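Report on the following structure.
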Amino acid sequence: MSDSILPAPDSSVARRRRHYRQLKDRLAKWMVTSGGLMVIVAIVLIFFYLLYVVIPLFGGADVRSEQQFTQPADNYSHLTLDEYNEVALSLTMNGELRFFDAHSGALLQSPELPLPENATIVSFAAGSQHTGVFSYGFSDGQALLFQEAFNISYPEGTTRLISPEIRYPLGDTPVSVDPAGQALSILTAQYADDMATFAALTADGRLVLTRVKKAVNFLDETQFDLDTEQWMLATDSSAPVADLKMDVDQRELYVIYENGDIAFFDIQRQEQSRLVDRVNAVPEGVKVTATEFLAGGISLIVGRSDGQIDQWFPVRDDDNQYSLKRIRSFHEQQAAIHKIEVEQSRKGFMALDADGRLGVYHTTAHRTLLVMDALDNADAVIAISPRANGLLSLDRSGSARFFEVDNEHPEISWHSLWEKVWYESRSEPEYLWQSTSASNDFEPKLSLTPLTFGTLKAAFYAMVVAIPLAIMGAIYTAYFMSSRMRGVVKPTIEIMEALPTVILGFLAGLWLAPLIENNLPGALSIVLFMPLVMLLVAWLWTRLPKRFRHAIPAGWEAAILIPFILLTGYVCLQMSVPVEQFLFAGDMPRWLESVGIGYDQRNSFVVGLMMGFAVIPTIFSITEDAIFNVPKQLTIGSLALGATPWQTMMRVVLLTASPGIFSAVMIGLGRAVGETMIVLMATGNTPIMDFNIFEGFRALSANIAVEMPESEVGSTHFRVLFLAALVLFVATFIFNTLAELVRQRLRKKYSSL
């Protein structure tokens, strides 16, 4: 028989198969490459979008001259502007009022005040911008209180109509401020909540106060009664008084002397009126040239003849005593400050100096936003609109100018975000986050430092719990555990990662936190005794006879620990109440507070346990894979050379797997830093900076989740939340980049093993 000859394969079919495989390889390569590039592009786009939202926070102010017109020349004392920048009100020392168009100067109204016939105007006072109250002081010791109002209506549906008017909260009859009938040389007045207070320096040097309380007849609201009380304050006769300022709540009176002293009086009640403090606000040779209250009436802004502007407010010490403190200063202007105009709803102000230069400032941020040449004639009055987007100036010659103001986010600076800030009514500089309040003149506290601290605090305690348990468990599972037991343990731990974090947060807040509070000694003793019991059981196991130890298959020894672990936890919890009664008078949380350690039910201890539970599967899975995939020839070779299993593990396996272990830790850290729901539900969300494990905190991610739905789109608060997201993004990127660099170096160093 002849050998059978196999037919040669069809070369065309082989070529088609090769081409098909190459096509699939190229397609797979293209898909993987494009997918990776799309991920990179998406991350870059996220970064630039966050940057796009955040950048406007750090822009300066812009003041642009829009219209210029003329008004009658007069001795103007004050100027106001409505919130829509449409109607302005000018007041003169002759008692003439004019409502006019803020862009063209066209006269709208010229109301006449009921001025007394036998007296002349000698002083003027403007109250808080919120109330729109003004007062004229007369030569006979009387004062007239009146109020501006801008009534808004839409008679044609869409066209806005502003109807200005003058009201008289205390009636159109002047109030007798000085019973002696002396001229009111200097006057300050406020009206709020049906109560008005006048403080005046009379021609003979007395400081008199008059408080008028208005009782309205509810049957006829046009009728009311006035209850008046009057008293005097002692002043320093050796130093002439230059100005008087009263806060909107009518509790504090500041007397500014010509020698630069400022006296702070408490005038809440007549019988308790007293001098609280007196300070010298300027150095020798410098004078106080302008003063004004910031919005809210707590801080006094003091302009000086050398161009410096200072912020002062009362600070309470440990003995509950107040003293005036200079909080911060602005040095950008060089000429004497002529006029200070404050914003109505923010802690910002504008200052006009003797050279006609205009400065735009914000106190909380300690920020100078703009200094510019604005006016040729510095002897002018200025007005900022309630929305702080318009500025109007008017000088004695009648020259008026309207400016468009762009100053959206003055509250933000590096100082206000990351450094300690001395906020109003606080005893010292602090890191604070308090973004909203019910008050319109609230001072936002937008420090990201306590939020960043809270994020790191949460991650730290979570990693303290997760790293030793996950890595030690992975070492034992991958290297010492039997294959059958590993087949049960590894999937069980990995499936823990599928648990929703909202469920874990729910359990932490509503079950674990109360359980730990009610059994705090037991919970702490579990943390202390559990490792000791495990070591003790392991040591006792080595002391057992070999026949007992060999009865357990190799790799199943860990199962022996299970009953001891459960028994230790049960005993610790059962002993918690007796131990608490014996050592801590039955209440360990209260005992901790008595020794200066604060305790919150939802605290870092709870978060650390639950977040550690959530992070363990991530670290365990990657670490276990890295150790298990160490080439077997390395371990076998080490054992063959006489090394023990532990020596092989420590000097060969762990070093070879160290890049993977490091990656596992960094990925777990990233998971802990970005965790939201557990932190949100298991802490009190209090933005405090305290490393106490029994205190709560507020993290960046949780803060974004809580406040973003309530923030106004485009507002400072909204953009600061995006800034917090950008901080998280950048921090995660930096950590991951450094981790990758370290991992590559470890891989290169130990790849030769």
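The values are calculated or read from the model by the stated rules, or taken from the named source; none is laboratory data. What you are looking at is a predicted structure, and each value in this text was computed from that prediction instead of being measured. Counting neighbours? That spans all protein chains shown, and the Cβs are built from the backbone with ideal geometry, glycine included.
Hey, among the residues in segment 560-569 that are within 15 Å of VAL489 (Cβ to Cβ) and surrounded by 12 or more Cβ atoms within 10 Å (Cβ to Cβ), which one's modelled with the highest pLDDT? Write out each step before concluding.
So the first thing to find is which residues in segment 560-569 are within 15 Å of VAL489 (Cβ to Cβ), and the list is 560-562, 565.
If we keep only those that are surrounded by 12 or more Cβ atoms within 10 Å (Cβ to Cβ) too, we end up with 560-561, 565.
Numbers: ILE560: 86, LEU561: 87, ILE565: 91.
My answer is ILE565.
Say whether the condition of being within 30 Å of GLY670 (Cα to Cα) and either part of a helix (DSSP H, G or I) or more than 34 Å from the chain's Cα centre (by Cα) (or both) is met by at least one residue in segment 581-600.
Checked against the condition, which is being within 30 Å of GLY670 (Cα to Cα) and either part of a helix (DSSP H, G or I) or more than 34 Å from the chain's Cα centre (by Cα) (or both), segment 581-600 yields no hits at all.
Inspect all residues belonging to segment 639-650 and state whether any of them is in a helix (DSSP H, G or I) and closer than 23 Å to MET463 by Cβ. Before the answer, list the steps.
Restricting attention to segment 639-650, the residues satisfying the condition of being in a helix (DSSP H, G or I) are 639-640, 645-650.
Okay, now just the ones that are also closer than 23 Å to MET463 by Cβ, so 649-650.
Yes, there is a match, as at least one residue in segment 639-650 is in a helix (DSSP H, G or I) and closer than 23 Å to MET463 by Cβ.
Residues in segment 282-295 that are part of a loop (DSSP other than H, G, I, E, B) and over 24 Å from GLU443 (Cα atoms): how many?
Step one: list which residues in segment 282-295 are part of a loop (DSSP other than H, G, I, E, B), which gives 282-287, 294-295.
With the extra rule that they be over 24 Å from GLU443 (Cα atoms), the set shrinks to 282-287.
Qualifying residue count, segment 282-295: 6.
Please go through segment 245-256 and pick out each residue that is over 18 Å from LEU184 (Cβ atoms) and part of a strand (DSSP E or B). Lay out the reasoning, then the answer.
Applying the first criterion (over 18 Å from LEU184 (Cβ atoms)) to segment 245-256 yields 247-249, 251-252.
GLU252 - this is the single residue of segment 245-256 that is over 18 Å from LEU184 (Cβ atoms) and part of a strand (DSSP E or B).
Quick check on segment 306-323. Is at least one of its residues more than 32 Å from the chain's Cα centre (by Cα), among the aliphatic types (A, V, I, L, M) and assigned by TED's automatic domain parsing to the domain that holds ILE186? Full working, then the answer.
Filtering segment 306-323 for residues more than 32 Å from the chain's Cα centre (by Cα) gives 306.
Subsequent filtering for residues that are among the aliphatic types (A, V, I, L, M) retains none.
Taking every residue of segment 306-323 in turn, none turns out to be more than 32 Å from the chain's Cα centre (by Cα), among the aliphatic types (A, V, I, L, M) and assigned by TED's automatic domain parsing to the domain that holds ILE186.
Take the residues in segment 345-366 that are outside any strand (DSSP E or B) and of a type in the set (A, V, I, L, M); name whichever of them is farthest from THR80 (Cα to Cα). Can you show your working first?
Just the residues of segment 345-366 that are outside any strand (DSSP E or B), to begin with: 345-347, 354-356, 363-366.
Remaining after also requiring of a type in the set (A, V, I, L, M): 354, 365.
Values: ALA354: 21, ALA365: 26 Å.
Result: ALA365.
Consider ARG304 carefully, then state whether it is out of contact with any Leu (no Cβ under 9 Å at 6 or more places or on another chain), surrounded by fewer than 19 Cβ atoms within 10 Å (Cβ to Cβ) and of a type in the set (Lys, Arg). I'd like the intermediate steps shown before the answer.
Details: out of contact with any Leu (no Cβ under 9 Å at 6 or more places or on another chain): yes; surrounded by fewer than 19 Cβ atoms within 10 Å (Cβ to Cβ): no; of a type in the set (Lys, Arg): yes.
So ARG304 does not fit the description; no.
Every residue in segment 287-300 that is buried (at least 22 other Cβ atoms within 10 Å of the Cβ) and β-branched (Val, Ile, Thr), please.
If the condition is that a residue be buried (at least 22 other Cβ atoms within 10 Å of the Cβ) and β-branched (Val, Ile, Thr), then VAL288, THR289 are the ones that fit.
Has segment 224-236 got at least one residue that is free of Cβ contacts under 8 Å to residues at least 60 places away in the same chain, out of contact with any Asp or Glu (no Cβ under 9 Å at 6 or more places or on another chain), more than 25 Å from GLY132 (Cβ to Cβ) and surrounded by 14 or more Cβ atoms within 10 Å (Cβ to Cβ)?
Scanning segment 224-236 turns up at least one residue that is free of Cβ contacts under 8 Å to residues at least 60 places away in the same chain, out of contact with any Asp or Glu (no Cβ under 9 Å at 6 or more places or on another chain), more than 25 Å from GLY132 (Cβ to Cβ) and surrounded by 14 or more Cβ atoms within 10 Å (Cβ to Cβ).
Can we say VAL177 is in contact (Cβ under 8 Å) with a residue 40 or more places away in the chain and either acidic (Asp, Glu) or within 30 Å of ASP101 (Cβ to Cβ) (or both)? I'd like the intermediate steps shown before the answer.
Details: in contact (Cβ under 8 Å) with a residue 40 or more places away in the chain: yes; either acidic (Asp, Glu) or within 30 Å of ASP101 (Cβ to Cβ) (or both): no.
It is false that VAL177 is in contact (Cβ under 8 Å) with a residue 40 or more places away in the chain and either acidic (Asp, Glu) or within 30 Å of ASP101 (Cβ to Cβ) (or both).
Could you go through segment 481-504 and let me know if any residue there is among the small types (Gly, Ala, Ser), modelled with pLDDT of 90 or more, outside the structural domain of GLU419 (by TED's automatic domain parsing) and assigned to a helix (DSSP H, G or I). I'd like the intermediate steps shown before the answer.
The initial filter retains those residues of segment 481-504 that are among the small types (Gly, Ala, Ser), namely 482-483, 487, 498.
Okay, now just the ones that are also modelled with pLDDT of 90 or more, so none.
Looking through segment 481-504, none of the residues is among the small types (Gly, Ala, Ser), modelled with pLDDT of 90 or more, outside the structural domain of GLU419 (by TED's automatic domain parsing) and assigned to a helix (DSSP H, G or I).
Pairs, please: C-beta under 9 Å, at least 6 apart or cross-chain, first residue more than 17 Å from GLU695 (Cα to Cα) and in segment 577-590, second not in a helix (DSSP H, G or I)?
As it stands, the answer is VAL577/ASN519; VAL577/GLY586; GLU580/ASN519; GLU580/GLY586; GLU580/ASP587, since those pairs meet every condition given.
Go through the residues of segment 398-410 one by one and say whether even a single one is at pLDDT below 95 and under 30 Å from TYR322 (Cβ atoms).
There is at least one residue in segment 398-410 that is at pLDDT below 95 and under 30 Å from TYR322 (Cβ atoms).
Please tell me if GLY132 is in contact with a Ser or Thr (Cβ under 8 Å, 6 or more places away or on another chain), modelled with pLDDT under 95, within 25 Å of GLU343 (Cα to Cα) and not charged (D, E, K, R). Lay out the reasoning, then the answer.
Working: in contact with a Ser or Thr (Cβ under 8 Å, 6 or more places away or on another chain): yes; modelled with pLDDT under 95: yes; within 25 Å of GLU343 (Cα to Cα): yes; not charged (D, E, K, R): yes.
For GLY132, the condition - in contact with a Ser or Thr (Cβ under 8 Å, 6 or more places away or on another chain), modelled with pLDDT under 95, within 25 Å of GLU343 (Cα to Cα) and not charged (D, E, K, R) - is met.
Among ASP625, ASP600, which is charged (D, E, K, R) and more than 30 Å from GLU517 (Cα to Cα)? Break it down into steps so the answer makes sense when it comes.
Values: ASP600 fails: more than 30 Å from GLU517 (Cα to Cα).
Among ASP625, ASP600, only ASP625 is charged (D, E, K, R) and more than 30 Å from GLU517 (Cα to Cα).
Report, by residue number, each residue of segment 440-462 that is among the hydrophobic types (A, V, I, L, M, F, W, C) and within 14 Å of VAL679 (Cβ to Cβ).
As a first pass, look at segment 440-462 and keep what is among the hydrophobic types (A, V, I, L, M, F, W, C): 442, 446, 448, 451, 453, 456, 458-460, 462.
Matches in segment 440-462: LEU451, PHE453, LEU456, ALA458, ALA459, PHE460, ALA462.
Can you say whether ILE327 is surrounded by 21 or more Cβ atoms within 10 Å (Cβ to Cβ), modelled with pLDDT of 90 or more and not charged (D, E, K, R), as far as the supplied structure shows?
It is false that ILE327 is surrounded by 21 or more Cβ atoms within 10 Å (Cβ to Cβ), modelled with pLDDT of 90 or more and not charged (D, E, K, R).
Condition first: buried (at least 18 other Cβ atoms within 10 Å of the Cβ) and farther than 11 Å from SER397 by Cβ. Now tell me which residues in segment 64-77 satisfy that.
SER77
Residues to consider are VAL279, VAL315; find the one that is in contact with a Leu (Cβ under 6 Å, 6 or more places away or on another chain), over 22 Å from ALA196 (Cβ atoms) and part of a strand (DSSP E or B).
One residue alone meets the criteria, VAL279.
Can you report the number of residues in segment 124-180 which are crowded, with 20+ Cβ neighbours inside 10 Å and of a type in the set (Asp, Glu)?
Residues in segment 124-180 being crowded, with 20+ Cβ neighbours inside 10 Å and of a type in the set (Asp, Glu): 2 in total.
To keep it simple, each residue is scored yes or no on (1) touching a residue at least 60 places away in the same chain (Cβ under 8 Å); (2) within 25 Å of ALA474 (Cβ to Cβ); (3) in a helix (DSSP H, G or I).
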position	(1), (2), (3)
THR618	yes, yes, yes
ALA657	no, yes, yes
VAL665	yes, yes, yes
VAL679	yes, no, yes
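Can you work out which of the residues in segment 102-119 that are surrounded by fewer than 14 Cβ atoms within 10 Å (Cβ to Cβ) and more than 27 Å from ASP193 (Cα to Cα) is nearest to the chain's Cα centre (by Cα)?
Top of the filtered list is SER104.
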